[in-house]
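Chemist: Here it is, the structure in full.
The values are calculated or read from the model by the stated rules, or taken from the named source; none is laboratory data. Given the structure is predicted, the values throughout are model-derived calculations rather than measurements. Cβ sites come from the backbone with ideal geometry, for glycine too, and all protein chains shown count toward neighbours.
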Amino acid sequence: MSLKAVVFDLFGTLIDNWPFERLEATHSRLAELLQVPVEEFTRLWRETWDERNRGKIATCEDNLRLICHALNSSPSRERISQACRFRLQVTRESFAPRPDAAATLTALRERGLKLGMISDCSWETPVVWEGSALAPLFDVAVFSVKEGVKKPDPRIYLLTCERLGVQPQECLYVGDGGSRELTGAAAVGMRPVLIRTPYEEGDAVHRVDGEDWDGERVSALAEVPGLVEGG
């Protein structure tokens, strides 16, 4: 079956993953703003990751209040708001498309391919996405926090295909392997491709539930149009 669409992951694919240094600095600053111990804050922030990404915790404010309550702390409304503004700011600052992203996406669109994006994420990502340079280049963007389901659940891939108006077998899926996304894409019939830039190899970046992958792979977005030639 010929390819009609390419679906991309976001973090580690279209934009860089967060280096551990940035992640740790963000946790430290949030804990400082809330006046709670950084080690305990970090532990609870990680423990609420799944609920945050599924939208089960409705807002950033709710998440921070939940953590602070568990730590027997009651920060003021202003401190909670300040911490949430900081979290949004850090996300916005990290949201730089990779240098070859725009040219790659434009080349794929010029070949008549539809473009989709799936991200496991919390509330900040859809907000920042709307104002990013990437958003206008995509036909469909699907966020776990809005849909209540995340990779590798088949439903998030099938939902994306439905909104694109294509069958899974007509889709190339490109991602860095976090959240076992490539296995999930293959399970619904997509053609999965690992992207792993040389500077993100190893353990230097934050990648949740990554998987080993011995299938197709590329080292840059610029290689993706070559995968769809004749397909």
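Chemist: What is the number of the single condition among (1) of a type in the set (A, V, I, L, M, F, W, C); (2) in contact (Cβ under 8 Å) with a residue 60 or more places away in the chain; (3) surrounded by 22 or more Cβ atoms within 10 Å (Cβ to Cβ) that Val149 does not meet?
Modeler: For Val149, the failing item is (3).
Chemist: If a residue has to be closer than 15 Å to Leu10 by Cβ and of a type outside the set (Phe, Trp, Tyr) to count, how many in the range 140-169 make the cut?
Modeler: Of the residues in that region, 11 qualify.
Chemist: With respect to Lys146, determine if the residue is over 27 Å from Thr197 (Cα atoms), basic (Lys, Arg) and assigned by TED's automatic domain parsing to the domain that holds Glu211.
Modeler: yes
Chemist: In the range 90-140, how many residues are closer than 15 Å to Cys171 by Cα and under 12 Å from the mean Cα position of the chain (by Cα)?
Modeler: The total comes to 2.
Chemist: If I filter the range 58-89 down to residues being farther than 19 Å from Gln35 by Cβ and modelled with pLDDT of 95 or more, which single residue comes out as surrounded by the fewest Cβ atoms within 10 Å (Cβ to Cβ)?
Modeler: Gln89
Residue-wise test of (1) surrounded by fewer than 16 Cβ atoms within 10 Å (Cβ to Cβ); (2) of a type in the set (Asp, Glu); (3) touching a residue at least 12 places away in the same chain (Cβ under 8 Å); (4) in a loop (DSSP other than H, G, I, E, B).
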residue: Ser132; (1), (2), (3), (4): no, no, yes, yes
residue: Ala141; (1), (2), (3), (4): no, no, yes, no
residue: Arg163; (1), (2), (3), (4): yes, no, yes, no
residue: Arg180; (1), (2), (3), (4): no, no, yes, no
residue: Pro192; (1), (2), (3), (4): no, no, yes, no
residue: Tyr199; (1), (2), (3), (4): yes, no, no, no
residue: Asp214; (1), (2), (3), (4): yes, yes, no, yes
residue: Pro225; (1), (2), (3), (4): no, no, yes, no
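Residue-wise test of (1) touching a Pro at 6+ places or on another chain (Cβ under 7 Å); (2) in a helix (DSSP H, G or I); (3) surrounded by fewer than 19 Cβ atoms within 10 Å (Cβ to Cβ).
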| position | (1), (2), (3) |
| --- | --- |
| Pro99 | no, no, yes |
| Ala103 | no, yes, yes |
| Ala107 | yes, yes, yes |
| Met117 | no, no, no |
| Pro126 | no, yes, yes |
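Chemist: Quick one: is Gln82 of a type in the set (S, T, N, Q), at negative phi and under 21 Å from the mean Cα position of the chain (by Cα)?
Modeler: Considered against the rule, which asks whether it is of a type in the set (S, T, N, Q), at negative phi and under 21 Å from the mean Cα position of the chain (by Cα), Gln82 comes out as no.
Chemist: Filter the range 181-231 for residues that are at pLDDT 90 or above and on the phi > 0 side of the Ramachandran plot and give the result.
Modeler: Gly189
Chemist: So, in the range 29-87, how many residues would count as being hydrophobic (A, V, I, L, M, F, W, C), touching a residue at least 40 places away in the same chain (Cβ under 8 Å) and within 19 Å of Ser144 (Cα to Cα)?
Modeler: Matching residues across the range 29-87 total 2.
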